[in-house]
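The values are calculated or read from the model by the stated rules, or taken from the named source; none is laboratory data. Keep in mind the model is a prediction, meaning the values are calculated, not measured. All Cβ positions, glycine included, derive from the backbone under ideal geometry; neighbour counts span all protein chains shown. Accessible surface is based on the protein model in full, side chains and every heavy atom, while ligands, DNA and RNA are left aside. Shrake-Rupley method; radii C 1.70, N 1.55, O 1.52, S 1.80 Å.
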Amino acid sequence: MLGLAKRVGAKNLLTSTSEVYGDPLVHPQTESYWGNVNPIEIRIARIFNTYGPRMNIDDGRVVSNFIAQALRFVTKAFKVCFANISAAITELLAAPAALTVQKQGTQTRNFCYVSDMETRPINIGNPGEFTMVELAETLIKLDVEIKMVENTPDDPRQRKPDISKAKEVLGWEPKVKLREGLPLMEEDFCLRLGVLEK
């Protein structure tokens, strides 16, 4: 990619996810904190937990997972209801939908709506911090329960960007709050999954 960029005179941007920090020892994470990053002198825009329309529905990220789990339940319930009303009620009562939250649900993440994400050579993200239970409860309007599952060994306990450099140097900060961005992502997922909105 670097050779191609040089040959055609294009700029090349390497982005890095905030996952490189692992389970950080510094909170919030600044650009100078290396965490588990190999200290090579390069310029990186480190992207923190971006969400929004056109994301891969099954990408394994928490916002995508929660919305897809809830909407798939709604779709299943809708299809079953039209096939056989009494069977539908029995099935729905027997197997309620669940948003799977890894125990204890107190891990935190930040969520930056995609329109707030711009290419910058500094931490870009939304410093608003939410536990996984808080995120799940925000989506509970989709009429699903929260089910705790075992935690994966590499799940970081907390994640939060320090965006003071972005504010100071670029005058940049995110504009879309989580409660404003989630319905936009949900609408996009509804369209792509063929789910009628409630």
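Residues whose amide H comes within less than 5 Å of that of residue 128, counting only those at least five positions distant or on another chain, are 111 (H built at 1.01 Å from N in the peptide plane).
Remark: accessible surface ordering of 184, 25, 2 (largest first) is 25, 2, 184, probe radius 1.4 Å. In this simple spin-label model, placing a label point 7 Å from the Cα along the Cα-to-Cβ direction at both residue 168 and residue 114 gives a separation of 3.2 nm.
Sorting 179, 61 by solvent-accessible area of protein heavy atoms yields 179, 61, largest first, with a 1.4 Å probe. Estimated at the nearest 10 Å², the accessible area of residue 64 is 0 Å² with a 1.4 Å probe.
Annotation: amide H-H contacts under 5 Å for residue 101 (H modelled 1.01 Å from N, sequence separation of 5 or more, or interchain): 147, 148, 149.
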